[in-house]
1. Which Cα, out of 70, 50, 168, lies furthest along the positive dipole direction of segment 50-193 (beta carbon charges, K/R +1, D/E -1)?
2. Given the protein chains as shown and a 1.4 Å probe, how many square angstrom of residue 177 are accessible, to the nearest 10?
3. Could you pull out every residue, at least 5 positions away or on a different chain, whose amide H is within less than 5 Å of the one on residue 181? Hs are placed 1.01 Å off N in the peptide plane, and Pro or chain starts have none.
4. Pull out the extension gain between residue 186 and residue 3, defined as 0.36 nm times the separation in residues minus the alpha carbon to alpha carbon distance; nm, one decimal.
5. What number do you get for segment 36-98 when its Cα radius of gyration is normalised by 2.2 N^0.38 Å, N = residues?
6. How much length is gained on full extension from residue 121 to residue 284, taking 0.36 nm per residue of separation minus their Cα-Cα distance?
7. Once fully extended, how much extra length lies between residue 151 and residue 229, figured as 0.36 nm per residue of separation less the alpha-carbon to alpha-carbon distance?
8. At 15 Å minimum axial length over the Cα atoms and a Kyte-Doolittle cut of 1.6, report the qualifying DSSP H helices in the chain, or say none.
Amino acid sequence: MMASFIYLVPVIVGMVTVYIAERRTRRTWSYYIWAPSVANTLFVIGTLLIMVEGWICAIIILPLFAVLGSIGGLIMGVVSRTTRWPKQTLYSVAVLPFILGGLEAEAPLPEQINRIERTIVINAPPSQVWAQIHNALDIQHEEVNFAWAYRIGVPVPISGISQQTPTGIVRKISMGKGIHFDQVVAEWKENEYVRWTYRFDRDSFPPRALDDHVRIGGQYFDFKDTSYTLRPHGHGTELTLRMQYRVSTRFNWYANAVAKVLLGNVEETLLNFYRHRSENAVTQTKPL
């Protein structure tokens, strides 16, 4: 997760690819772009095979590696065409991750706090929507599996149930692969607003349930809080879901962009889940 690795290693992979190819015969400019991208794809697949990384991290980082690899390929293409020092250039760049990695190892990770918000209108009264939020039982895979995060390996939610405890109201979350944690109520206005913070136990995330680099509450990613706001909307409810999260990496510009896309899609999936459940509950209670 060091910047010297994330930014320079795919560049080096791209440069090596072009350097070896240029030793045999002159390559085209298009080759300098696509061949390093393919080489970096194979590099990422290799990290999966030897279990250095998991699927989630691999899929997230692959676009960045492919682009950086092409940049490295173009650099080596230019050097090969205009100078007599492609080998020296390659060696000089290859030592940079070791030099820069030693310099950045002791520097603290930068933190970036961001917020994602989505809204939906549900044809059900606020009391019914509120009930579904706090008593989400037996969540079926097909109810949420169109979220991109779940498709790339994040375990799907199984249930979310609010309970009264000696320390206050807590929402118990269960997900696939044995993941479980608490959402602790920080603010509560029945049928109108609820905000949770997060509490994790040592066994909240069993080994290999989530990649360490994207584990909630970990060094690189965390949820700060989650809230639902319910407002009457005609005969229905306007439901707003807001998540506040933290990313702490050397490449927050990229990590945050990916998080916004994935979390925004997760919010849309959850809102649609509550819409379907609330509207189905209203239909089932209507007199024939």
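1. 70
2. Only protein atoms counted, so the area is about 130 Å².
3. Here the answer is 173, since their amide H atoms fall under 5 Å of that of residue 181.
4. Value of the extension gain: 62.3 nm.
5. 1.31
6. Working it through step by step, the gained length comes to 56.8 nm.
7. 25.3 nm
8. The qualifying helices are 55-82.
The values are calculated or read from the model by the stated rules, or taken from the named source; none is laboratory data. If you're wondering where the values come from, they're calculated on a predicted model, not measured in any experiment. Neighbour counts run over all protein chains shown; Cβ positions are idealised from the backbone, glycine included. Ligands, DNA and RNA are stripped out before the accessible areas are found, and what is left, the full protein with its side chains, is counted by its heavy atoms. Shrake-Rupley method; radii C 1.70, N 1.55, O 1.52, S 1.80 Å.
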